[in-house]
Structure formats: structure tokens, C-alpha cells
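This report concerns only the one structure given below.
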Amino acid sequence: MIKKYDCIIIGAGAAGLMCAYNVGLKGKKVLLIDHSPKLAEKIRISGGGRCNFTNINTKASSYLSNNPHFCISALSRYTPNHFCELLDLHNIAYHEKTLGQLFCDNSATDIINLLDYLCTSVGVIRKMSVSINQIDKSATGFSVHSTEGITDSEALVIATGGLAMPQVGASAFGYNIAKQFGINVIKPEPALVPLALDPNDLLKFNDLSGISFESIVSTNDISFAESTLLTHRGLSGPAILQISSYWNSGNKININMLPSQNIVELIRQHKTSTKLLSTFLHQFLTQRLSDSMCKIIGINKQICQLSNKEIAAIATFIHELSLKPTGTLGYKKAEITKGGVDTTMLSSKTMESNSVSGLYFIGEVVDVTGWLGGYNFQWAWASAYACGASI
Ligand SMILES: Cc1cc2nc3c(=O)[nH]c(=O)nc-3n(C[C@H](O)[C@H](O)[C@H](O)COP(=O)(O)OP(=O)(O)OC[C@H]3O[C@@H](n4cnc5c(N)ncnc54)[C@H](O)[C@@H]3O)c2cc1C
């Protein structure tokens, strides 16, 4: 027997749950399906288990897209305040960690439980571990063929996310459905992802592996002031994850390892000092970083003995370290997928396809990619709300 719903939502992650609640709230019959046995795994593992669920500084310029204005409408209709109000109403405590990033005080599970409860409260039918075999368009809507049998609906919402972290259920499903219906997909690529260095650089920076420091990292005329972490495979830490979204293969990145000071000025001010360079640098950097830097530059003499050429070499290394990553660490280590369903083929008000009536795409599957720091969940909530409000 074919079961009929007003709306079928595929993908019970952040966007799918938020959308299901908003459609259910209007008294509509909603089916929410997911191939994973576990609900919203990405929320659970996000923000180190505390889910950085939004950023109070959310603005369109914190998102990458081939069509940068697309996200404005949805983001302005469902703001970080709206999500905070929802948490306040249900007594979920949260705090700002840094740079406007809001995290749960307790656990990311609080948010999963809340969204699950909200969906149940408005009668959403949720089915997990469902494999979808085929989707057909009918005169009145869509037929979804799955391990649950055939289900029909007027509206079909694709909320299956991107390719980041296949180990927790990510798949190309959303892109394939878009292509099936003639909707263009902007090439997906891993983003918010560590960068790999070549073996020579790794050998050179071997002593620095595991060290984290405040930095300004730049490429392609964009820079981020956050910390950088050197790892045994290359570069990581918030500044690197941010810049990875703007980095293209072959590009160099520049790292200022002491952004709050000017090392040339500091050395000039202390030009008669008999301190060793490593001891001098230790005033501004950790001991391990100062010692390793001196070893890599090959200079560790008294400050008063440094030549202008040596001072210039020290400054270049500290303020303008230029590295050419060999690639990213790929989807297994990425927090998000850049690219996705081409937004020029969707309505920015409703997320509905311009060419296939009743077909919607929300969340990460869409070509809207946020910075690190809660921006991606905010896009999931906002795009889901815009879609849910219009069904
Ligand atoms: C480790 C990690 C940490 C992160 N931390 C943060 C953070 O703190 N703050 C932030 O803003 N963002 C964070 N992100 C990004 C954030 O998780 C995503 O932006 C967000 O989950 C996207 O929501 P979504 O609903 O579009 O997709 P998802 O949350 O990925 O949900 C998609 C759902 O679709 C299901 N699905 C996939 N394929 C199929 C299929 N073929 N059939 C049926 N179902 C399918 C999946 O099982 C999943 O449940 C993090 C990501 C990762 C990987």
C-alpha cells in the first residue's frame, strides 16, 4: 500500500529536523527519513561534543558561495537570536566561547533531544536505517521507493548534507538527486579541513609538531587571525581550517607567527642585549617554538651580534612564513563540503527548485558554506526554516 504524506524530508540531520518541525507545526503530515541508524550524528560530534550551534556575528559575508547574495534572505528571517530563543524556552544553557561562537554548556545531545522532541510534538513520523532506491516525479508530487516501501508526497525536501565525514553517514545522495532533476551542482570540495605539507617541509618542521600558536594566516587576499597547529601531516587549527575554504591547489599560504608584535622593532629596541635569540623570542613565544625556530632558521646568537641580513631572515620566517600545501586531508577530516546544489537554480526565499515544483534543498547540500564557528549550523537552521515556512 502506498502511504501518502504532505511532505517527505530525506536526511534527519540539523536541517532536516528543523524543517520537519516547522512543517509539522502547521499541521502537515511529515515523514522524515535517514539511512543512518543514529539521529543527527554531526550535531553530536560537533564543537567537541558541545555543538557550536550558531554565531552571534552571522552575516552573509561569512559564507562562501558562487552566488554570494543567495543566503541573505534566509539568514535575515531566521537569526541566531531565533535559535537562542528556542533554547531559552526549553531551558538549554549555553555560553559564548570566543568570536561570537555559542556552545551548549552541557552537551550537543541537548540540541538533538530538543529537535527530536519538537518533531515528535508536532506528529512528525521519523524512520531511521532506511535505504532509498529511487525517486520519481508524479503529476502531483513525488514517489519515494525505499526499504519502507513506496511513499508519496506533494513536497520533497533534500537535507542529506555534503560529503564531509563519510564515517558518520555523509553521502552524495543530494547531489545525485539534483542531477537527476537537471539541477546543476557546483563541484563539491572538502572545506574547513587540515592542509598537508610535502615531506621536506614536514621534516623541517618536525620539531614543531603539536605546537599551537596565535597567527594570522592568509591566501588569495583573505586572512584569518586565529591559532595555527602544526601536526605530523601538515597544518591544522582554526586559522588553517578557515583559510582552507579559500585555498586552491597550487596556492601558497602565508603565516604570521607573531601577529601582535613587530620582531624587527623589538630587536632594534634591544640591539645591545646579550640575550641569545631563542631566549629573547621566548618572551613572546613558547620555549619550544622559540628553540625550534632558531634551529630551523639556523641563527641563535646574541641579539647584539645579529646582522641586518639575519634580522631580515628572522622577520621573514616569523611574520611571512610562506608554505605551499600539497593538498587537503580530504573529506574524512573535513568539517564541511564547499560547493553543492547551484543556488541560481533555487528560490532564495523558499529553497524550492526553480524548475521542479515541490522539490527543495536545504542545509549543507546547497552551495552555501560558512566559516568555522557556528555559521554552518546557522545556515542549516535558517535554510530549513525558510523551506519549512513555505511548505
Ligand atoms: C566533526 C564536525 C564538527 C562540526 N562542528 C560544527 C560546529 O561546531 N558548528 C557548526 O556550525 N558546524 C559544525 N560542523 C558542520 C555541521 O555539522 C554541518 O554544517 C551540518 O551538520 C549540516 O547540516 P545538514 O542537516 O545539512 O547535514 P547533516 O547534519 O550532515 O545531515 C544529513 C543527514 O542526511 C543523512 N543522509 C546522508 N545521505 C543519505 C542517504 N543517501 N539517504 C538517507 N539519508 C542520508 C545523514 O545520515 C544525516 O543524518 C561540523 C562538522 C563536522 C564533520
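The values are calculated or read from the model by the stated rules, or taken from the named source; none is laboratory data. What you see is a predicted model, and the numbers here were worked out from it, not measured in a lab. Cβ coordinates were reconstructed from backbone atoms using ideal geometry, including for glycine residues, and neighbour counts include every protein chain displayed.
Quick look at the numbers
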| item | result |
| --- | --- |
| Pick from segment 184-209, criterion modelled with pLDDT under 95 and under 26 Å from residue 373 (Cβ atoms), ranking: surrounded by the most Cβ atoms within 10 Å (Cβ to Cβ) | 208 |
| Flag for residue 338 being in contact (Cβ under 8 Å) with a residue 24 or more places away in the chain and assigned to a loop (DSSP other than H, G, I, E, B) | no |
| Residue 191, sole failed condition from (1) closer than 30 Å to residue 239 by Cα; (2) in contact with a Phe, Trp or Tyr (Cβ under 7 Å, 6 or more places away or on another chain) | (2) |
| Answer from 343, 350 - the residue that is within 16 Å of the ligand (Cβ to nearest atom) and in contact (Cβ under 8 Å) with a residue 12 or more places away in the chain | 343 |
| Residues of segment 65-86 classified as buried (at least 19 other Cβ atoms within 10 Å of the Cβ) and of a type outside the set (Gly, Ala, Ser), total | 6 |
| Strands (runs of 3 or more DSSP E) completely within segment 103-203 that count 3 or more residues being in contact with a helix residue (DSSP H, G or I) (Cβ under 6 Å, 6 or more places away or on another chain) and not assigned by TED's automatic domain parsing to the domain that holds residue 252 | none |
| Residue within segment 265-279 that is in the same structural domain as residue 217 (by TED's automatic domain parsing), closer than 24 Å to residue 252 by Cα and surrounded by fewer than 14 Cβ atoms within 10 Å (Cβ to Cβ) present | no |
| In segment 6-31, the residues that are under 23 Å from residue 178 (Cα atoms) and away from the ligand (no atom under 16 Å from the Cβ) | 6 |
| Residue count, segment 51-74 (criterion: under 23 Å from residue 87 (Cα atoms), out of contact with any helix residue (DSSP H, G or I) (no Cβ under 6 Å at 6 or more places or on another chain) and either free of Cβ contacts under 8 Å to residues at least 24 places away in the same chain or near the ligand (Cβ under 8 Å from one of its atoms) (or both)) | 2 |
| Wholly within segment 260-328, helices (runs of 4 or more DSSP H) carrying at least 3 residues that are in contact (Cβ under 8 Å) with a residue 24 or more places away in the chain | 263-269, 287-297, 308-319 |
